[in-house]
Amino acid sequence: GPASGPADPSLGVEWLTRFGYLPPPDPVTGQLQTQEELTKAITAMQQFGGLEVTGVLDEATLELMKTPRCSLPDLAATRAKR
Amino acid sequence: QAPAATRWSKRNLSWRVRTFPRESQLGHDTVRALMYYALKVWSDITPLNFHEVAGSHADIQIDFSKADHSDGYPFDGPGGTVAHAFFPGDHHTAGDTHFDDDESWTFRSSDAQGMDLFAVAVHEFGHAIGLTHIAALDSIMRPYYQGPVGDPLKYDLPYEDKVRIWQLYGVRESVSPTAKPEASQAEDHPLLPELPANRSTIPLRREGPNRCSTHFDAVAQIRGEAFFFKGKYFWRLTRNKHLVSLQPAQILRFWRGLPPNMDSVDAVYERTSDHKIVFFKGDRYWVFKDNNVEEGYPRPISDFGLPPGGVDAAFSWAHNDKTYFFKDNLYWRYDDHERRMDPGYPSEATLWKGIPSTLDDAMRWSDGATYFFRGKEYWKVPDSTLEAEPGFPRSIARDWLVCGDMQSDAPEAEEGRAGARAKQGKHDESRSENGYEVCSCSS
């Protein structure tokens, strides 16, 4: 059945990274991303996707993430790799 | 990561389908034809030229691949990522375009689960010539698959995409930035399979006002054609006075640059001095070069020497090449060549006898006459006369918009009745041949 509340933001990390919303994983910190970075990435993805901007992985956001799409990232890198 | 915009330095680009889908219902020729038309979408409006080659050195190598295919962008089976292309550059993969062979590629299919190959190809070739993703919902460069985009032979890029590609390559010399490309003729281009019987790629719209029962906000002759404006819509008649479509078109989608919330226009006319088109709404006006608004508009109608309050009608009279503006029972005469109002105006008494004191709009027509519109009726003033012809007013709906008497009288009448009109004995002989209605439909 439909989720009753916002999903775990980490569920979307791989997707958000692949399409340019999150920087690639840092080799020092591994896969860890701050909650703030995740929220910003989700917000950017929602804006780019024409969704209501909530900053959380709500149902509409997850649905758009499941939509077939082009492999190329949406956003250019905003910061260089360390 | 998505790079900044890049572009090809050359204008002639070769392409080749290196590998075809392995388990697809689409034949090789259909795939090649779809690639041809998807590239043609871009070359129609830019100085780029694409030509198919047989060798292995094509600029744009097209492959249908599965899973990891050694380019850093592995596919993921049905759904998910469906295709990608490499941006222009010096790298050997630049321009290469890959489609996921695990997708169910379709063309003119009713299968909602399928992936329309033409729509995806147009998007990917956008990357191959330098476009990045864009958030605009109407854009073909939106990253998400949005379903089929209709007949490849009639596809017209969304405006956002045209502008972005023009920024990279400029406009193709033979193409007006505002012109809609002609439907391709099959004899010059690859053949595509026909649509199955009883199917249409474009659903019938049932929106907008009823042309047979409405009165119009504005009427204008533009480039020899007649335009009837009502609310957010307009109907268009060819130079031969044939209605282009029974369905109205949206003003904002055709005339680019008007405010998105504009719900109607007051008057429209084509300037004889430079053939630019002037739209009036309230105290403001916009000048269009073809379909695009000029920079710096809207401007106040005081530029014309008109007082606040707007205009009801505007037209250029062939007799003296002067422009006439009407508001309530007043009219002004303006010299578009000198860009100034003639002295002595406004005046209460019009030159033309037998026309109503207030107008919806007026226009010159190619028969030399001037036509005045008010409510559901119009008056004709022949060239070199100053009085409405006997027998007028007549019905706008019947004489211009292909409506029968019953349709024009009944507000609830539907356009669908047009086909049944001959059976009712209400036949418009001026537009009939051998008992059949003659229509010219462009879309």
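What follows draws every value from the coordinates through simple rules; no lab data is involved. Keep in mind the model is a prediction, meaning the values are calculated, not measured. Glycine also receives a Cβ, built like all others from the backbone with ideal geometry; neighbour counts cover every protein chain displayed.
Would you work out the relative contact order for segment B:13-71, in percent, from Cα pairs under 8 angstrom that are 6 or more residues apart?
RCO, segment B:13-71: 63 percent.
How would segment B:1-150 be classified by its alpha-carbon gyration tensor: rounded, prolate or oblate, with rounded meaning a/c under 1.5 and the a/b versus b/c comparison settling the rest?
Because its axes are fairly even, with a/c under 1.5, segment B:1-150 counts as rounded.
Checking the a/c ratio against 1.5 first, then a/b against b/c, what shape does the Cα gyration tensor give for segment B:305-414?
prolate
Using Stokes-Einstein with the Kirkwood hydrodynamic radius over Cα pairs, what translational diffusion coefficient do you get for segment B:207-301 at 4 °C and a viscosity of 1.567 mPa s, in µm²/s rounded to a whole number? Mind showing how you got there, number by number?
Values: Rh = 13.5 Å.
Estimated diffusion coefficient is 96 µm²/s.
List the lysines whose Cα sits under 22 Å from the Cα of A:LYS66, skipping any in the same chain fewer than 8 residues away.
Reachable lysines: A:LYS40, B:LYS66.
With 5 Å bins from zero, work out the P(r) of segment B:295-334 over every alpha carbon pair and list the percent per bin.
Binned Cα distances yield the sequence 6, 22, 29, 22, 15, 5, 1.
For segment B:254-374, what does the relative contact order come out to in percent, with C-alpha contacts under 8 Å and a separation of six or more?
19 percent
Sort segment B:338-396 into rounded, prolate or oblate with this rule: let a ≥ b ≥ c be the square roots of the eigenvalues of the Cα gyration tensor; rounded if a/c is under 1.5, and if a/c is not under 1.5, prolate when a/b is larger than b/c, oblate otherwise.
The shape class here is prolate.
Can you pull the mean other chain C-beta count within 10 Å for peptide B:133-140?
Counting Cβ atoms of other protein chains within 10 Å of each residue's Cβ and averaging gives 3.
Too long at a 28 Å Cα-Cα cut-off: which of B:LYS322/B:LYS353; B:LYS10/B:LYS289; B:LYS241/B:LYS276; B:LYS154/B:LYS322?
Distance filter (> 28 Å) returns B:LYS10/B:LYS289; B:LYS154/B:LYS322.
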